[in-house]
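Q: Pasting in a structure now, in structure tokens, and then I'll have a few things to ask.
The values are calculated or read from the model by the stated rules, or taken from the named source; none is laboratory data. It should be emphasised that the depicted structure is a prediction, and the values quoted were computed from it without experimental measurement. Virtual Cβ from ideal backbone geometry, glycine too; neighbours counted across all protein chains shown. To get the accessible areas, we keep the full protein, side chains included, count just its heavy atoms, and leave off ligands, DNA and RNA. Shrake-Rupley method; radii C 1.70, N 1.55, O 1.52, S 1.80 Å.
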Amino acid sequence: MYLSKEDEKILNGEKGYAAQKSMEILSSLGDIYGADKLIPVSSCQIAGASYKTIGEAGLFFVSEFSKSSKVKVKATLNPIGMDSKDWQRMNIKKEFAVKQLDILDAYLKMGIDCSCTCTPYLVGNRPNCGDHIAWSESSAVSFANSVLGARSNREGGPSSLASSVIGKTPNYGLHLEENRKAGIIVKVTEEIKSFSDVGALGSFVGSEIGSKIPYFKNLELDSDKLKSLGASMAASGSVALYHIEGATPEYQNAIADDIEKIEVGKEEIREAKEKLNSSEDTELICIGCPHCSVSEVEEALRIFKKEGRTFKGDIWICTSRYVKNELERRGIAQEVEKYAKLLADTCMVVAPIEDLYQKTATNSGKAATYLPSLCKQKVKFGDLESLIKDFK
Ligand code: F3S
């Protein structure tokens, strides 16, 4: 990959340790994937922020970085392993909390916006159509590419951090127009209405097509369900971009001739739901994967009000601090707290929930995919309304 004189100086260590390491990461990636050059990015989303997932090695890496560098572009942080203000209420151990706060401090020191959410596009990091970005949260990458028309590869935590320090990313993959065409047409023959339908559709399609780019026909979803669809496909497969006929910004030129086609109907959705279920029983219901928007929390409150206040276990609603603050301002958070814990900064997958629960229920296809392997949970998968009905 071509490096400018300035890039070479950075690689030779003239701009300090973190910049040098960052350039090493980016130039190696560029060489591996055949990029021609580095291109500027307008923003970064940095995953790898929970002490549960990055451990001591990650804490050391981030702390070292923070000693010699600041970010050059807008950079937001993914969820961490606990609510940074309310971790005691989650029953998080003090030793974990101390390490987690050290990680947060290191990112803060670098000038990263510690919004701690996987929905940066709802909290001010919302790229424009055509913007090149370096994001490393798979659900956010999918939303940015597909719904917003921005351009990002599925970065890892270290490479998005490196891009935030350098302000550039290697030019390959989904940054190139020719790689953004659909690889398969997915005709949906069943009406997709609820979050569990969306999660099941995403789970089925992701596991069928791997990393291909799907082009959906006959699918109409609102923005909250689009984020859920992308998350589910990114978890069961490695889909980083999808098109929906008549809906997403790049659908018009997305189909090449003679591409493969599949149909997804009632039977496939039923099968996918069955696969995501491994438990009849539940100790915790959690929603907010990806993090809830204001309207999703409002909908949860409507369901709580209808179903009453006495449940047999805990309910977590995971969201960003920004959305939580907004819900407090509107008086909704206070209402929700009568039924559930409204948690900011974290989620059911990156928090150490395996220390607290064994059986978890969720309406998210992504969470239902990851909870068994990453959190040792038995999972009940369904819509919030039906999960709540069985939780009394
Ligand atoms: Fe977000 Fe956690 Fe799900 S980071 S997409 S809520 S696994």
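Q: Could you check the spin-label model distance between Ser373 and Lys305? Points 7 Å from the Cα along Cα→Cβ, value in nm.
A: For the pair Ser373/Lys305, the computed spacing is 4.0 nm.
Q: Can you list the residues of region 208-245 with backbone N under 14 Å from a point 7 Å past the Cα of Glu260, pointing along Cα to Cβ?
A: In region 208-245, the label zone of Glu260 (backbone N under 14 Å from the point 7 Å along Cα→Cβ) covers 208-215, 237-239.
Q: Looking at the chain, what % of its DSSP beta bridges pair antiparallel, to the nearest 5?
A: Working: 3 of 39 bridges.
Beta bridges within the chain, antiparallel portion: roughly 10 percent.
Q: While we're on this one: Taking 25 Å as R0, compute the FRET efficiency from the Cβ-Cβ separation of Glu354 and Lys275 and round it to 0.05. It would help to have the intermediate numbers written out before the result.
A: On the way: r = 21 Å, r/R0 = 0.85.
Calculated transfer efficiency: 0.75.
Q: So what is the 222 nm mean residue ellipticity for the chain from helices alone, if each DSSP H run of at least 4 adds -39500 (n - 2.57) and you divide by all residues, rounding to the nearest 500 deg cm²/dmol?
A: Values: 14 runs with 159 residues, N = 392.
Roughly -12500 deg cm²/dmol at 222 nm, from the helical runs in the chain.
Q: Can you find, among Ile192, Leu219, Val141, the residue sitting farthest towards the positive end of the charge dipole of the chain, where Lys and Arg contribute +1 and Asp and Glu -1 at Cβ?
A: Result: Val141.
Q: Just grab the label-to-label distance for Ala57 and Glu6, each label 7 Å out from Cα along the Cβ direction, in nm (one decimal).
A: Between Ala57 and Glu6, the simple spin-label model gives 3.4 nm.
Q: Continuing with this model, one more query. Out of Val186, Val141, Val198, any idea which swings most in a Gaussian network model of the chain, alpha carbons joined below 10 Å?
A: Its mean-square fluctuation being the largest, the pick is Val186.
Q: In addition: Among Val73, Ser43, Leu122, which residue has its Cα furthest toward the positive end of the charge dipole of region 5-177, with +1 on Lys/Arg Cβ and -1 on Asp/Glu Cβ?
A: Comparing the listed Cα positions along the dipole, Leu122 ranks first.
Q: Turning to a different aspect of this structure: Over 27 Å between Cα atoms: which of Lys187/Lys324; Lys9/Lys70; Lys109/Lys338; Lys67/Lys99; Lys266/Lys305; Lys70/Lys94 fall into that group?
A: Details: Lys187/Lys324 37 Å; Lys9/Lys70 17 Å; Lys109/Lys338 36 Å; Lys67/Lys99 17 Å; Lys266/Lys305 31 Å; Lys70/Lys94 29 Å.
The answer is Lys187/Lys324; Lys109/Lys338; Lys266/Lys305; Lys70/Lys94.
Q: Something else about it: Just to confirm, what accessible area per residue do you get for the chain at 1.4 Å probe, in whole Å²?
A: Working: 15960 Å² over 392 residues.
Normalised by residue count, the accessible surface of the chain is 41 Å².
Q: Ratio of Rg to Rh for the chain, alpha carbon only, Kirkwood?
A: Numbers: Rg = 20.8 Å, Rh = 21.4 Å.
Value, to two decimals: 0.97.
Q: Could you give the size of the charge dipole of region 163-263 about its Cα centre, using +1 on the Cβ of each K and R and -1 on the Cβ of each D and E, expressed in debye and rounded to the nearest 20? It would help to have the intermediate numbers written out before the result.
A: Values: 10 positive and 15 negative charges, 74 e Å.
Approximately 360 debye in magnitude.
Q: Using the Cα gyration tensor of region 251-335, with a ≥ b ≥ c the square roots of its eigenvalues, what is the shape: rounded (a/c below 1.5), prolate (a/b larger than b/c) or oblate (neither)?
A: Working: a/c = 3.14, a/b = 1.55, b/c = 2.03.
In terms of gyration-tensor shape, oblate.
Q: Dipole size in debye (nearest 20) for the chain around its Cα centre, Lys and Arg Cβ +1, Asp and Glu Cβ -1?
A: Working: 51 positive and 55 negative charges, 206 e Å.
For this selection, approximately 980 debye.
Q: Let me ask something else. Please report, in debye to the nearest 20, how large the charge dipole of region 1-152 is about its Cα centre when each Lys and Arg carries +1 at its beta carbon and each Asp and Glu carries -1 there.
A: Values: 18 positive and 17 negative charges, 73 e Å.
That gives a dipole near 360 debye.
Q: Now for a separate question. Modelling each spin label as a point 7 Å along the Cα-to-Cβ direction, I'd like the Ile39/Lys187 distance in nm, to one decimal.
A: 3.4
Q: Based on alpha-carbon centroids, what's the gap between region 353-392 and region 62-111 in Å, whole number please?
A: Between the Cα centre of region 353-392 and that of region 62-111, the gap is 26 Å.
Q: List the lysines whose alpha-carbon lies under 20 Å from that of Lys5, not counting same-chain residues fewer than 8 positions away?
A: Straight-distance partners of Lys5: Lys15, Lys21, Lys37, Lys72, Lys168.
Q: Moving on to the next point. By the gyration tensor of its Cα atoms, with a ≥ b ≥ c the square roots of the eigenvalues, what is the shape of region 181-273: rounded for a/c under 1.5, prolate for a/b over b/c, or oblate? Each step should come with its number before you reach the end.
A: Details: a/c = 1.44, a/b = 1.32, b/c = 1.09.
Rounded, since a/c falls under 1.5.
Q: Sort out for me the Cα centre separation of region 22-52 from region 195-219, rounded to whole Å.
A: Region 22-52 and region 195-219 have Cα centres separated by 27 Å.
Q: Measure off, as a whole percent, the carbon and sulfur share of the 1.4 Å-probe accessible area of the chain, all protein chains present. Don't skip to the end; give the middle numbers.
A: Values: 7600 of 15960 Å².
It is 48 percent, rounded to a whole number.
Q: While we're here: Taking the highest mean first, how do the peptides 244-250, 82-88 order by number of other beta carbon atoms within 10 angstrom per residue? Before the final figure, lay out the partial values.
A: On the way: 244-250: 16.9, 82-88: 19.0.
The peptides rank, most packed first, as 82-88, 244-250.
Q: Using 0.36 nm per residue, how much length does the chain from Leu101 to Glu337 gain when fully extended, once their Cα-Cα distance is taken away?
A: Values: separation 236, 0.36 × 236 = 84.96 nm, distance 2.47 nm.
Here the answer is 82.5 nm.
Q: Please report the net charge: other residues with Cβ closer than 9 Å to the Cβ of Lys85, K and R +1, D and E -1. Kindly include the intermediate steps, with their values, before the conclusion.
A: Values: positive: Arg321; negative: Asp83, Asp86, Asp345.
Residues near Lys85 contribute -2 overall.
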